[in-house]
Amino acid sequence: MDIAINIQLTLVLIAFFAGLISSIAGSRGLLTLPALLSAGLPPLNALATNKVQSSLGTMSSACNFFRKGHLDVKPLGLSLACSVLGSVVGTMVVQSLDNSVLTRLRPFLLLAIALYFLVSPTLSDVDHPQRMSRRWFALSAALGIGFYGGFFGPGMGSNMPFLFVWLLGHNLVKATAETKLMFLAVNGTCALIFVFSGYFVWQLATVMSLAQIVGARMGFNLII
């Protein structure tokens, strides 16, 4: 797929800022996916490329949180498994739809995410009362967010910390760290499926991934 060099440079710059912002507040997909679609990529190619470069950017953030002791993987086992299952189903469903259907759905999905951010509550770095066990969290919230991540994705990085805070009572730093691992599991699974399905645009994903990793490193230092 031939893409003009100036458009590629613009996408790389957007990927850098997406990695920087996502390390702090999530939602890199709200920047990168619309940018890829505006560059002329068909919806499935844009989704595939976005998943791959987002996964590598998130891997950088997750590793940084783990090295600094802010991420405990073991309690997330069931939630990770359910989110992966949901992402597989979501990715298979979106691949079964025609590009024309996805093109018509795209503005409504983006509008719904924008409305969510307008009314979503502000999170803080204090612990809250736990409203749900980890098992039920995995079978409901993790499964649902995994499906959404596989089917579309933008906003998932900001929805998930809210769910960790509201349902499990975590503070913002812990919720952000656990979100990175969940996000990596969902997007990594989606990326593998898209790659083997042939929708992946290598030249874009490679350079955008590098930009995301640099931005994610800078964002991690800011949030810590």
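Derivation of every value follows stated rules applied to the coordinates shown; laboratory data play no part. Please read these numbers as outputs of a predicted model, since none were measured by experiment. A quick note on method: Cβ atoms are made from the backbone with ideal geometry, for glycine too, and the neighbour counts reach across all protein chains shown.
Between amide H atoms placed 1.01 Å from N, distances below 5 Å from His170 occur with His128, Val165, all of them 5 or more places distant or on a separate chain.
Please state, to two decimals, what the Cα-based radius of gyration of the range 40-82 comes to when divided by 2.2 N^0.38 Å (N = residues).
Working: Rg = 14.3 Å, N = 43, 2.2 N^0.38 = 9.2 Å.
Taking the Cα Rg and dividing by 2.2 N^0.38 Å, one obtains 1.56.
To the nearest 20 Debye, how big is the dipole of the range 5-223 about its Cα centre, given +1 on the beta carbon of each Lys and Arg and -1 on that of each Asp and Glu? List each step's numbers first, then the result.
Working: 13 positive and 5 negative charges, 44 e Å.
Result for the range 5-223 is approximately 220 debye, rounded to the nearest 20.
At the listed q of 0.25 Å⁻¹, the Debye profile of the range 156-224, built from one uniform point per Cα, gives log10 I(q)/I(0) equal to -1.12. In terms of Cα atoms, the Rg and Dmax of the range 5-223 work out to 16.2, 51 Å.
Given the peptides 190-203, 43-56, arrange them by the average over their residues of other C-beta atoms within 10 Å, most packed first. Please list the in-between numbers first.
Numbers: 190-203: 17.1, 43-56: 25.9.
Going from most to least packed, we get 43-56, 190-203.
Residue by residue, the range 161-171 carries 3J(HN,Hα) couplings of x, 4, 5, 5, 6, 6, 8, 9, x, 7, 7 Hz when phi is fed to the Karplus relation 6.51 cos²θ - 1.76 cosθ + 1.60 (θ = phi - 60°); x denotes Gly or Pro.
Karplus-based coupling profile of the range 192-204, in residue order and whole Hz: 4, 5, 5, 4, 6, 8, x, 9, 7, 9, 4, 4, 6, with θ = phi - 60° in 6.51 cos²θ - 1.76 cosθ + 1.60 and x standing for Gly or Pro. Based on the alpha-carbon gyration tensor of the range 128-180 and its eigenvalue square roots a ≥ b ≥ c, which shape applies: rounded if a/c is under 1.5, prolate if not and a/b is larger than b/c, or oblate? It is oblate, given that a/c is not under 1.5 and a/b is not larger than b/c. Taken one residue at a time, the phi angles of the range 81-97 give Karplus couplings (6.51, -1.76, 1.60, θ = phi - 60°) of 4, 5, 5, 5, 4, x, 5, 4, 5, x, 5, 5, 5, 5, 6, 7, 8 Hz. Gly and Pro are set to x.
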